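Q: To start, I am sharing the structure in question, which I have written as structure tokens.
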Amino acid sequence: MNSTQASLRINASRFKDNFEALARIGSTGDGGVNRPSFSPAHLQARQWYRQRVEEANLAFHGDSAGNHTAVLSCGPASGPTLLLGSHLDSVPHGGCFDGALGVLAALEVLQTIQDAGLSLPVNLEAIDFSDEEGTLVGLLGSRALAGELARGDLRDPRGGRAALETGLQRAGLSEEGLLQAARPGSSLAGYLELHIEQGERVHRAGADLGIVTTIVGIGSYRITFIGRADHAGTTPMETRLDAAQGASAFTLACRQLVLDTFPACVANVGKIEAQPGAFNIVPARVTLALEYRAPETAAFARIEGALLELAEEQARCFNLEVEAEKLAAHPPTPMSQQVQTAIQEAADTLGLRALPLTSRAGHDAQSLAAVCPAGMVFVPSVGGVSHAPAEFTEWTDCVNGANILLQAALNLAGKMSF
Ligand SMILES: [Zn+2]
């Protein structure tokens, strides 16, 4: 890369104006935003992004999976695309940095390169992926684009069928469209994403940024403990088949299992539903939403087996039946070595300290890794807070992150010849 490119920096005030304007859309008034997929606020944010793209004299493109991109044709007419981006949807009552920062940094990188009039061996796109957070399906737009979305993924999505149908209708999208949005891997030169860490390892290490080495594997199950509904007053304690007992014992034992045997992993029971569900009926069925995460392939397989065995064991203790329904399994995804090197070189150029680390959250980059070299930059999250209005990253770190994204993109582009 020549010295002109190495000295290129983003326009921090334009970046900040955009960030603040976007944070007002769906604002919860306490620093957070409420923009679940295809809610009115999310649709408004998408529309706002489209306007910013058009005002920047970049081409706007929307695909059949609802992904919105800004296109900068700075490379050969039929050349591949280097994608930069993240997502504009949020969890309910979430923070204003998660996703939004990455989309706006990507847009800012395109505008900076456009302003500098650079020609590159690749074209650039700043993408807003649809439904990253999983209000409807999760990583929906990125999986569709990477050709990783199957019809089966839409049959019983995590947000429910009704929410998916309503959401797609509101956004003017269809299930058929979702399944036809794949782009050939050969058209993609790579994918780079800037995101907040959502933890505090970067900050604690005294580093300026994180370079993601692997995205954690995430598996989920619906586990149902099955007993027998009985009168809660007249059935003696020793004869009742109480599904809540097994479900509770399992929930507690999960924690101990992970602490004792899988130190790098986590498990979570995020939802507990008892049926029939009344004060005076012994619960016949208790269904748990179980999720587990592991950074390595071997541990990912072992923890799944161990959790299922634990469910059987706890069911036996209380004379219950147990059913385990597998909902999803996204194995750990290593990030491209080439992209990690490009980010490290960008950090060297900018004199910033980078910490290599595993991402403990899922991201669109894991979908893209299936079809092109993909990588991620993390900026520090103050206090590690995320998915909540208190989510915060120092503005200096946001600007540094956007400059890293710019320099890493230039590094990657510079190493390509077509
Ligand atoms: Zn995110």
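Q: How tilted is helix 395-414 with respect to the longest principal axis of the chain? Cα atoms for both, answer in degrees (0 to 90, nearest 10).
A: Once rounded, one gets 70 degrees.
Q: Another one. Treat the count of other C-beta atoms within 10 Å as a stand-in for reagent exposure and order Ser86, Ser119, Ser220 from fewest to most.
A: Ser119, Ser220, Ser86
Q: At 222 nm, what value in deg cm²/dmol follows for the chain if DSSP H runs of at least 4 each add -39500 (n - 2.57) and the sum is divided by all its residues, to the nearest 500?
A: Result for the chain, helices only: -11500 deg cm²/dmol.
Q: Among the DSSP beta bridges whose two residues both lie in the chain, what percent are antiparallel, rounded to the nearest 5? Intermediate results must be reported in sequence, preceding the final value.
A: Working: 45 of 68 bridges.
Looking only at bridges with both residues in the chain, the antiparallel portion is about 65 percent.
Q: Going by alpha carbons, how many degrees (0 to 90, nearest 10) lie between the helix axis of 40-55 and the longest principal axis of the chain?
A: Result, in degrees: 10.
Q: What ³J(HN,Hα) values, in whole Hz, does the Karplus curve 6.51 cos²θ - 1.76 cosθ + 1.60 give for region 350-357 when θ = phi - 60°, with x put for Gly and Pro?
A: Coupling constants for region 350-357: 8, x, 10, 8, 10, 10, x, 7 Hz.
Q: Please state, rounded to one decimal and in Å, the Kirkwood hydrodynamic radius that the chain gives when every pair of distinct Cα atoms enters the mean of 1/r.
A: Computed over the chain, the radius equals 22.5 Å.
Q: So what are the radius of gyration and Dmax for the Cα set of region 173-239, in Å?
A: 24.8, 68
Q: Across region 300-310, in residue order, what do the Karplus-derived ³J(HN,Hα) couplings come to in whole Hz, using 6.51 cos²θ - 1.76 cosθ + 1.60 with θ = phi - 60° and x for Gly and Pro?
A: So the J values, rounded to whole Hz, are 4, 6, 5, 5, 4, x, 5, 5, 5, 5, 5.
Q: Something else now. Using the Cα gyration tensor of region 231-353, with a ≥ b ≥ c the square roots of its eigenvalues, what is the shape: rounded (a/c below 1.5), prolate (a/b larger than b/c) or oblate (neither)?
A: It is prolate, given that a/c is not under 1.5 and a/b is the larger ratio.
Q: With the radius of gyration and the Kirkwood radius both derived from the Cα set of region 62-206, what is their ratio Rg to Rh? Write down the numbers at each step before the final one.
A: Numbers: Rg = 16.4 Å, Rh = 16.3 Å.
Taking Rh as the inverse mean 1/r over Cα pairs, Rg/Rh reads 1.01.
Q: A further question on this structure: To make sure I understand the rule: partners must be aspartates and glutamates, Cα under 19 Å from the Cα of Lys415, and not fewer than 8 residues away in the same chain. Which ones qualify?
A: The reachable aspartates and glutamates, counting only those whose Cα sits under 19 Å from Lys415, are Glu125, Glu193, Glu345, Asp348.
Q: Same structure again: How much net charge surrounds Val385 when only the other residues with a Cβ under 11 Å from the Cβ of Val385 are counted, with Lys and Arg +1 and Asp and Glu -1?
A: Working: positive: none; negative: Asp98, Glu197, Glu200, Glu391.
Spelling it out: positives minus negatives among the neighbours equals -4.
Q: In whole Hz, what ³J(HN,Hα) sequence does region 260-269 give by Karplus (6.51, -1.76, 1.60; θ = phi - 60°), x for Gly and Pro?
A: 7, 10, 10, x, 8, 10, 9, 9, 9, 9
Bear in mind that the values in this text are calculations on the coordinates, not laboratory data. Quick caveat: nothing in here was measured; it's all calculated off a predicted structure. Counting neighbours? That spans all protein chains shown, and the Cβs are built from the backbone with ideal geometry, glycine included.
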